[in-house]
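Data first, discussion second: the structure below is written as structure tokens.
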Amino acid sequence: MIPIHKDDELDIRFACHSIHHINSKGLWVGDDPFMYSVPILLFQLSLVSIITHCIFILFKPLGQPLIISQILGGVLLGPSMLGHNSTFTTKIFPARSRLVLETLSVFGFMFIIFLIGVKTDPTIILKSGKRAFTIGILGFFVPYVLSALVALLLNGVLSLDEDMFSFLPMVVSIHSMTPFPVIAYFLADLEILNSEIGRLASSSSIISDLCFWLYMTLSYTVHIATEKSLSTSIESLLCTAIFILLVCFGIHSAALWVIQHTPEGKPVKERYFFSVLIALLGCGLIGQVIGLNAFIVPFIVGLVIPDGPPLGAALVEKLDCFVSVILMPVFFIICGLKTDVFAIQKLKNVIVILSIAVVALFGKILGTVVPPIICRMPLQDALSLGLIMSSKGLVELALLSSLNTVNVVSDECFTIVIISVVVVTVVVSPLVKALYDPSKRYLAYKRRTIRHLRSNEEFRILACVHTQEQVPAIITLLEASNPTKEHPIHLFVLHLVKLSARASSLLIAYLPREKPSHQLCQSERIFNVFTKYEHENQSHLTLHCYKGISPYETMHNDVCSLALEQRTTFIIIPYKNVNRHLNKNVFDKAPCSVGVLIESRNQESVPYIVGQSSWSRVAVLFFGGADDREALAYAKLMLENPTVNVTLFRFSFSSEVLEGSARRKLLDAEILIEFRRDATDSERVSCEEQTVIDVAGLTAAIRSLENAFDLVLVGKHHAESQLNCELKKWNDQGELGAIGEMLAASDFNGGPSVLVIQQQTRVWGLRDPDESLRLRRIHL
């Protein structure tokens, strides 16, 4: 907590004065009407944006985050480089425009912190385990103690001046803190927000952040009691406590009222949206009056607003783009404009601050690496966690900027600390990218395929769902899979939700409400359908439901990690064009076999009848290869359902197979012999041999299946042949393989539902390339 200062009052008065003097034409109407205008502001913002993006493009191959480009953009325009020329500064950043930019950056920072608060789930603290608590606490106090000792030692050796020595506690604090907003942005930039390390870092950073602010509050209270009186210190704490309680109960209650009065699926009314913004600015003003720091108030206001739809999502949707594209770059540019390398005069000050930064980095890594290693986390992952927790960004720069504004820190010390923050971030980011690969943990240590499923083993299936409309097709497929007491199905349902209005990802088991409610969310409606299906198959099927909220780009991490954790044999993913990226990543990284379900447009409205599969006519397209063998193995499993009839289409080519060993041909022949033996014993099984010459002939053969079957099973990849090479040339862009893409094509109207299957490709230590055509050896 920092009391309001005269400079802050000047900024506020200047902002009000600026707004008052902008006329209807958008020009400044002060002493000099041409000194500053809205077009100049737009020019400055455009210049900043261009330079920042150019630097970002230049540094992106080096693995640097956007924040580095934004800071370096400010340094380039500031007194360290171009701004060192007085003519450039006078023309591009005149004094009056600089004040407006700084005021804009203050408001920008408020909205940035507010949005992070809105995206944050406060219950994550209660959900954090002992490991996260230990990492968070040690991650702050270990670097703080070590760097503080080094600061005292250097002061005794180098005899620092009084101003520098008084600033060292703040340097120690800045390099010891681990702000949650910084970690959230860093994880999102690295696209590991919903990885195991990402979730642990998010939880630990909140604990570490809480330790930092509790320590700062205690220090501020002791400082007030020492400098003024104990009664003044107690009054300050009481004012702060009352203010926080009013925000928690007042604004939180109002937010809940808005949510209750917003119908599901309907947008939040504009007047509610603007009321939240007015409340934010009002709370910010009150917080400054009673001495609360500008970091605390917006975050608390955002924190009490429930994340997710409708209110939290509406605020993020309306503000996120404006804040991240315009206000956030302005904030970083202002920090860069304040950085002046020519202000550095004493080498010993550089040595002291950089030494503290290095020791704090070592202490941070030590404090956050030891607990995970004790919990048997791999050293490489633990080191990655320590580096993530050491990253610097938004909050540290804002704290430094505010101290520089009120002249608590000199330009020299400010510049040195900015350099140390940038150096730490520049080092950390590429190291984390090099050390941590979430997909490495998705390796299975045994074959998890339908083909290798033993007769007395339960069939463990992970069914992924995006919307409620996809549920009937999945249940119909489960019914065709014939869950029985002898061959039970252990079903895991994962509702995948795109991360929106949240700063941290989530993967949790679903727990039904203790009290039934008429207002059910989409996840509850989806899970209720599967729960009903479980009750109708009590002795045959076991159900577990999960909900995953994550960025779309890394949604596959939730799928693969849950499949690995629950040792599933098969993953079912509904097909949609917008999900192609997800399908591709799951195919590449899944620890078991995968099937993408393409629902027939003609069967979308077919009602589901309990105990009777509407997919009674099943076709298998067999070209040869591991994926086709997996599809045929699934068809054999379906044959145990007395309502299912299976037809095998064995395609052969007039051209000789180009690739494929004797081992592959032996495995193909083995499963074909088994299936044909079943065909002789059952009237529900038939086999057909078809010879094709070219792509046109194959297309015609596949089109003949349009109205003859309810479900078609096909492998993603097939045995290599001249025809297969031609198919790849025709369509090798999709993730379903050439035949799968043909069946999924929009002009394949009226066709059956399709399940494109890929056999497990990631198995530890399996080196037989004929066991799967795309099996690859994993190097760790």
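The values are calculated or read from the model by the stated rules, or taken from the named source; none is laboratory data. Bear in mind that the values here come from a model prediction, so they are computed numbers and not experimental data. Every residue, glycine as well, gets a Cβ built from its backbone with ideal geometry; the counts of neighbours run over all protein chains shown. The protein model used for the area step is the full one, side chains on, heavy atoms only, and it has no ligands, DNA or RNA in it. Shrake-Rupley method; radii C 1.70, N 1.55, O 1.52, S 1.80 Å.
Per residue, how much accessible surface does the stretch 317-413 expose to a 1.4 Å probe? Answer in Å², no decimals.
Numbers: 3750 Å² over 97 residues.
With the other protein chains kept in place, the stretch 317-413 gives 39 Å² per residue.
Using a 1.4 Å probe on the protein heavy atoms only, what accessible surface does D678 show? Give it in Å² to the nearest 10.
About 50 Å², ignoring ligands and nucleic acids.
By average Cβ neighbour count within 10 Å, what is the ranking of 430-437, 239-246 from highest down? Intermediate results must be reported in sequence, preceding the final value.
On the way: 430-437: 16.8, 239-246: 14.2.
Result, highest mean first: 430-437, 239-246.
Let me cross-check R271: its accessible surface, 1.4 Å probe, with only protein heavy atoms counted, in Å² to the nearest 10?
It works out to around 140 Å².
Counting only protein chains, not ligands or nucleic acids, how are Y215, Y272 ordered by accessible area (probe 1.4 Å), most first? Display every interim value, and only then the final one.
Working: Y215 70, Y272 30 Å².
Largest to smallest exposure gives the sequence Y215, Y272.
To the nearest 0.05, what FRET efficiency results for L153 and S324 with a Förster distance of 45 Å applied to their C-beta separation? Write down the numbers at each step before the final one.
Values: r = 42 Å, r/R0 = 0.93.
After rounding to 0.05, the efficiency reads 0.60.
Excluding ligands and nucleic acids, what accessible area in Å² is computed for I290 using a 1.4 Å probe, to the nearest 10?
Surface open to solvent at I290 totals about 50 Å².
At a 1.4 Å probe, what is the % contribution of carbon and sulfur to the accessible area of the stretch 449-588? Provide the component values of the computation, followed by the final result.
Numbers: 3000 of 5940 Å².
Solvent-exposed carbon and sulfur of the stretch 449-588 make up 51 percent of the total.
Can you tally the net charge around S616? Count Lys and Arg as +1, Asp and Glu as -1, for every other residue whose Cβ sits under 15 Å from the Cβ of S616. Each step should come with its number before you reach the end.
Values: positive: R617, R684; negative: E479, E640, E683, D710.
My count for the surroundings of S616 gives -2.
May I ask for the distance between the Cα centers of the stretch 73-116 and the stretch 134-169, given as a whole number of Å?
So the two Cα centres are separated by 31 Å.
List the lysines whose alpha-carbon lies under 21 Å from that of K91, not counting same-chain residues fewer than 8 positions away?
Partners within reach: K338.
Let me make sure I get this right: for the stretch 300-440, a, b and c are the square roots of the gyration tensor eigenvalues over alpha carbons, sorted descending. Under 1.5 in a/c it's rounded, otherwise prolate if a/b > b/c, else oblate. Which is it? Can you show the working numbers first?
On the way: a/c = 2.19, a/b = 1.05, b/c = 2.08.
Oblate, since a/c reaches 1.5 and b/c is not below a/b.
Where a ≥ b ≥ c are the square roots of the eigenvalues of the C-alpha gyration tensor, would you call the stretch 195-352 rounded, which needs a/c under 1.5, or, failing that, prolate if a/b is larger than b/c, or oblate?
Working: a/c = 1.94, a/b = 1.34, b/c = 1.45.
Since a/c reaches 1.5 but b/c is at least a/b, the shape of the stretch 195-352 is classed as oblate.
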